[in-house]
Amino acid sequence: MLFDPTLNSGGSASQDVEMLNARRIKEKILQKNEMTAFLIRIDRETGRRGAEKDWALDASCQIEAQRNWSINNLRSDLR
């Protein structure tokens, strides 16, 4: 997935990167065939995967992206 400038919601560049990373995390979860805390469903018409409670998956992915961003910043501060 490439950076989409239309995603800019008026926030900072770091917020845009976090949203992009959250989207990648969500795509990875939906593509894996592993057990997760989220019930994965497949749309019969389109064949696309999704979560039963999409809002909960989105929130979880945003939290994980924020955590990853914070860890990466901490690492760069220690160098």
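List of remarks:
- Failed item, numbered, when ARG75 is tested on (1) open to solvent by 60 Å² or more (accessible area, probe 1.4 Å); (2) at pLDDT 90 or above: (2)
- Among the residues making up the stretch 1-35, those that are assigned to a helix (DSSP H, G or I), of a type in the set (S, T, N, Q) and either open to solvent by 60 Å² or more (accessible area, probe 1.4 Å) or at pLDDT 85 or above (or both) are THR6, GLN15, ASN21, GLN31.
- Residue in the stretch 43-62 that is in a helix (DSSP H, G or I), out of contact with any Ser or Thr (no Cβ under 9 Å at 6 or more places or on another chain) and of a type in the set (Lys, Arg) present: no
The values are calculated or read from the model by the stated rules, or taken from the named source; none is laboratory data. Just so we're clear, the structure is a prediction, and the values are computed from it rather than from any experiment. As a convention, Cβ positions derive from the backbone with ideal geometry for all residues, glycine included, and neighbour counts pool all protein chains shown. Heads up: the accessible areas ignore ligands, DNA and RNA and are worked out on the full protein's heavy atoms, side chains in. Shrake-Rupley method; radii C 1.70, N 1.55, O 1.52, S 1.80 Å.
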